[in-house]
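Engineer: Structure provided below as structure tokens; questions to follow.
No lab work stands behind these numbers, since they all come straight from the coordinates. The model shown is predicted, which means the values in this text are computed figures rather than measured ones. A quick note on method: Cβ atoms are made from the backbone with ideal geometry, for glycine too, and the neighbour counts reach across all protein chains shown.
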Amino acid sequence: MKIFAEILATGDEIRTGALVDSNSAWIAERLEETGIQVSRHSCVGDDLQQLVAVFQEISRRSDLAVVTGGLGPTSDDLTAEAAALTLGRKTKLYPEALAAVEKFFAKRRRTMPESNTKQAMLPEGAAILDNPVGTAPGFSLQINACLFFFLPGVPWEMKKMCRISVLPAVQKLLGPQSGSIKTRTLSSFGLTESQAADALQDFTQEFPSIKLGFRALFPEIQIKLYLSGESRAELEVQEHRAVQWVRQKIGRTLISDSGASLQVTIGELLRKQQATLALAESCTGGLVAHWLTSQAGSSDYFLLSAVTYANNAKHQVLQVSRETLREHGAVSEAAALEMARGVQRLAASDYSLSITGIAGPSGGTSAKPVGTVCFGLAGPKTLTVRTKHFQFQNRKMNQTMSAAYSLNLLRELLLAAED
């Protein structure tokens, strides 16, 4: 049985582009993972009649709808009223919803503004969805043959409520079928989306029952496997065979067969090998350190980052010789190597990475154009240096690619240590 779903984002700030609608993308991914096919994304502003019209349209063509936004306490928050009008009903005060809103403020020792009472005014016949992290209760409602879930537009509230209320309800809606549907994500670095597609061009022939998809999450490429089977056991057999086939085709460009990013994978490898890392960053300005320390528990393996942007800092902090800087320049393999050695000594780390380059958009020369980046990697028994010429004329993209490339160099070295 196929269940078709739609996602509707509401609010003038979304309609005008003042805010980027990341909610719909997140919800779509979660629904697809459970086996629900998302057929359409829509957006509508804070207009009562337009909301009613789009609720009616969705109710006639879909089985499931997730609506975000418009549940706040202000006059332009119209979702509950529009849902009630769609059914020819009124809104009413739900005491349990009001109690939840009051509890939110009481817990924070704040007085609840009278306007927040509006958030407990929901359509007659609605089922309340608990909001443990915000003031706006959500609700679900059947409109024609479509089951609607109404969630706040605040991302962290929406995600929490989706996980605790919507996804379990979807699993129940799917019934026994939910156990035989799965999405598997693999992540890779070093291939473009088209190169990954070429490498896996025979996938459909090998696995006709598995849908293959790609997602560019710069600078990584995610490979998606959408599986369905008669039973959980059959699904697991299909999944294992498909993952091994993909691994064989793309080799060491496969970062993780569970969709983990470079920084997560690096952390796992360092922790497994009980090794430590220090960084010397110039053109990336601490981006690699930010990625690594965004992971909980990174203090197990990450020691320090020296963002030595100026030549004088490279010399004084990392002991890069003035002769090297004078003869080769800060963007050179010689400087990158001394930066890596210097920060390794400074931190007494097992491994160190250095990055020095020209991120742009200015500063390039004919000999060293924008996108020229030099990398140094020092390990217990290894000294490696590389130069790359990235083709991006965009500073942020050059920095992002440089950070990822450096981590991938380390990943390859750590994997080699395990062989």
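Engineer: Can you pull the one-decimal nm distance between simple spin-label points at SER194 and ARG60, each 7 Å off the Cα toward Cβ?
Structural biologist: 4.3 nm
Engineer: Another question about this same structure. Fewest to most neighbouring Cβ within 10 Å: what's the order for TYR309, TYR226, TYR351? Don't skip to the end; give the middle numbers.
Structural biologist: Details: TYR309 14, TYR226 17, TYR351 26.
Neighbour counts put them in this order, fewest first: TYR309, TYR226, TYR351.
Engineer: Among bridges DSSP assigns within region 262-418, what percent are antiparallel (round to 5)?
Structural biologist: Within region 262-418, antiparallel bridges account for around 55 percent of the total.
Engineer: Along the positive direction of the dipole of region 140-246 (beta-carbon charges: Lys, Arg +1; Asp, Glu -1; about the Cα centre), which of GLY175, PHE218, GLY190 reaches farthest?
Structural biologist: Toward the positive end, the furthest listed residue is GLY175.
Engineer: Going out from 0 in 10 Å bins, what whole percent of all Cα-Cα distances in region 11-60 drops into each bin?
Structural biologist: For region 11-60, the binned pair fractions read 22, 44, 32, 2 percent.
Engineer: Counting each pair of different Cα atoms once, what's the Kirkwood radius of region 189-256 in Å, rounded to one decimal?
Structural biologist: 12.5 Å is the Kirkwood radius here.
Engineer: Something else: How much length, in nm to one decimal, is gained on full extension between SER39 and SER75, taken as 0.36 nm per residue of separation minus their Cα-Cα distance?
Structural biologist: Working: separation 36, 0.36 × 36 = 12.96 nm, distance 3.12 nm.
Extra length from SER39 to SER75 when fully extended: 9.8 nm.
Engineer: For the chain, what log10 I(q)/I(0) values come out of the Debye formula at q = 0.06, 0.10, 0.14 1/Å, with one point per alpha carbon and no solvent?
Structural biologist: Reported log10 I(q)/I(0), two decimals: -0.36, -0.87, -1.15.
Engineer: Name the lysines eligible as straight-distance cross-link partners of LYS211: C-alpha to C-alpha under 16 Å, and not fewer than 8 places from it in the same chain.
Structural biologist: LYS2, LYS182, LYS224
Engineer: Here's a follow-up. Which residue fluctuates most in the GNM of the chain (Cα springs below 10 Å): THR204, THR384, THR111?
Structural biologist: Its mean-square fluctuation being the largest, the pick is THR111.
Engineer: Okay, next question. Can you tell me the mean projection area, over all orientations, of the convex hull of region 335-402's alpha carbons? Units nm², please.
Structural biologist: Averaged projected area of region 335-402's Cα convex hull equals 4.6 nm².
Engineer: Using the eigenvalues of the Cα gyration tensor, what equivalent ellipsoid semi-axes result for region 1-139 when each is taken as the square root of five times the eigenvalue, whole Å, largest first?
Structural biologist: Equivalent ellipsoid semi-axes, largest first: 26, 17, 16 Å.
Engineer: Turning to a different aspect of this structure: Indicate, rounded to the nearest 5 percent, the antiparallel portion of the DSSP beta bridges found entirely in the chain.
Structural biologist: Taking every DSSP beta bridge with both residues in the chain, the antiparallel ones total about 60 percent.
Engineer: Which number comes out as Rg/Rh for region 304-419 once both Rg and the Kirkwood Rh are worked out on C-alpha atoms?
Structural biologist: 0.97
Engineer: Taking the Cα-to-Cβ direction at SER228 and at SER299 and moving 7 Å from each Cα, how far apart do the two end points lie in nm?
Structural biologist: Between SER228 and SER299, the label points sit 4.8 nm apart.
Engineer: Please go through region 57-166 and write out the GluC sites (Glu not before Pro) that DSSP classes as loop and that have at most 14 other C-beta atoms within 10 Å.
Structural biologist: GLU124
Engineer: Provide the packing ranking of 186-194, 260-268, i.e. peptides ordered by the mean count of other C-beta atoms within 10 Å per residue, highest first.
Structural biologist: Result, highest mean Cβ count within 10 Å first: 260-268, 186-194.
Engineer: Let me ask something else about it. Any idea what the dipole of region 25-89 comes to, in debye rounded to 20, about its Cα centre with Lys/Arg Cβ at +1 and Asp/Glu Cβ at -1?
Structural biologist: It comes to approximately 260 debye.
Engineer: Here is a further query. Pairs of lysines 8 or more apart, or on different chains, with alpha carbons under 24 Å: count those in region 4-177, would you?
Structural biologist: Value for region 4-177: 13.
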